[in-house]
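Since the structure comes first, as structure tokens, the remarks are kept for the end.
The values are calculated or read from the model by the stated rules, or taken from the named source; none is laboratory data. In this text, all values refer to a predicted model and were calculated from it rather than measured experimentally. Cβ placement follows ideal geometry from the backbone for every residue including glycine, while neighbour counts extend to all protein chains displayed. Ligands, DNA and RNA are excluded from the accessible area calculation, which covers all protein heavy atoms including side chains. Shrake-Rupley method; radii C 1.70, N 1.55, O 1.52, S 1.80 Å.
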Amino acid sequence: MKISFGLKIILALAMLFSCKKELSELPPATQTGANTFGCKVDGQFWVPAGFGIVPTAAILEARRSADGELYINARNFSSSPGETEFELFIKGVTAAGNYLLNTTTGYPGRAVNYGYYVHRRFTPDNEWITSADYTGSVTITKIDTVSHFVSGRFSFNAINLYNSPKPLAVTEGRFDIRWQ
């Protein structure tokens, strides 16, 4: 039985995309605007991966307002339909320093600093957020307002918003990202 060339290509692509590369380390902690993000979630390595709802959607992005509100969003869509996503929001980022994630917000918004992680299958099935009881911090190690990038480290504990109250531990977080 002969297999057509087109079918061989389809089979090769299917094998390529079905293989999952095991993540064995975090991206290096740089301060150059390298567009990197990574951390450990309950001891497991996590980095942005895959592609968004459309192939051109960003999996890592940041925005910074004129008054220093910093928003970082990182997505991992590599195991769709199971997806995970991080949000970090920090107010008043004007210089390097330590910013606390220690105020209860109930749900991500622009009122207070927070760390947020969500797991979903089309819609969220688990969401964790920092609070007054489950805290953390973001340390900005470099902010470059000319080249528009920010670098830093983060860690936090977060509580599940509506399922099992099992907390989530995010450790060894790092980012070096250009903002829009």
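Residues that are out of contact with any helix residue (DSSP H, G or I) (no Cβ under 9 Å at 6 or more places or on another chain) and open to solvent by 60 Å² or more (accessible area, probe 1.4 Å) do occur in region 110-118. Taking residue 147, is it touching a residue at least 60 places away in the same chain (Cβ under 8 Å) and assigned to a loop (DSSP other than H, G, I, E, B)? Considered against the rule, which asks whether it is touching a residue at least 60 places away in the same chain (Cβ under 8 Å) and assigned to a loop (DSSP other than H, G, I, E, B), residue 147 comes out as yes. Within region 46-57, if we keep just the residues that are among the small types (Gly, Ala, Ser) and closer than 13 Å to residue 84 by Cα, the residue that is least open to solvent (accessible area, probe 1.4 Å) turns out to be 52. In summary, residue 156 fulfils each of the numbered conditions (1) outside any loop (DSSP other than H, G, I, E, B); (2) within 24 Å of residue 31 (Cβ to Cβ); (3) at pLDDT 95 or above; (4) open to solvent by 10 Å² or more (accessible area, probe 1.4 Å) with the single exception of condition (4). Within region 87-100, being within 19 Å of the chain's Cα centre (by Cα) and open to solvent by less than 60 Å² (accessible area, probe 1.4 Å) holds for 87, 88, 89, 90, 93, 99.
Kindly provide the set of residues from region 144-153 that are open to solvent by 50 Å² or more (accessible area, probe 1.4 Å) and under 15 Å from residue 38 (Cβ atoms), ordered by number. 153, the sole residue that qualifies. Within region 58-86, the residues that satisfy the criterion of being surrounded by fewer than 17 Cβ atoms within 10 Å (Cβ to Cβ) and closer than 15 Å to residue 139 by Cα are 68, 69. The set of residues in region 97-128 that are outside any loop (DSSP other than H, G, I, E, B), out of contact with any Leu (no Cβ under 8 Å at 6 or more places or on another chain) and aromatic (Phe, Trp, Tyr) contains only 99.
Output the number of the condition that residue 43 fails; it satisfies all remaining conditions of (1) surrounded by 12 or more Cβ atoms within 10 Å (Cβ to Cβ); (2) modelled with pLDDT of 95 or more. Among (1) surrounded by 12 or more Cβ atoms within 10 Å (Cβ to Cβ); (2) modelled with pLDDT of 95 or more, the lone unmet condition for residue 43 is (1).
Restricting the first member to region 94-118 and to residues that are farther than 12 Å from residue 154 by Cα, and the second to residues that are acidic (Asp, Glu) and open to solvent by 60 Å² or more (accessible area, probe 1.4 Å), the beta-carbon pairs closer than 8 Å and six or more apart or on different chains are 104/133.
Quick one: is residue 131 within 21 Å of residue 41 (Cα to Cα), part of a loop (DSSP other than H, G, I, E, B) and of a type in the set (S, T, N, Q)? Yes: the conditions hold for residue 131.
Checking 127, 172 one by one, the residue that is under 23 Å from residue 96 (Cα atoms) and either open to solvent by less than 60 Å² (accessible area, probe 1.4 Å) or touching a residue at least 60 places away in the same chain (Cβ under 8 Å) (or both) is 172 and no other.
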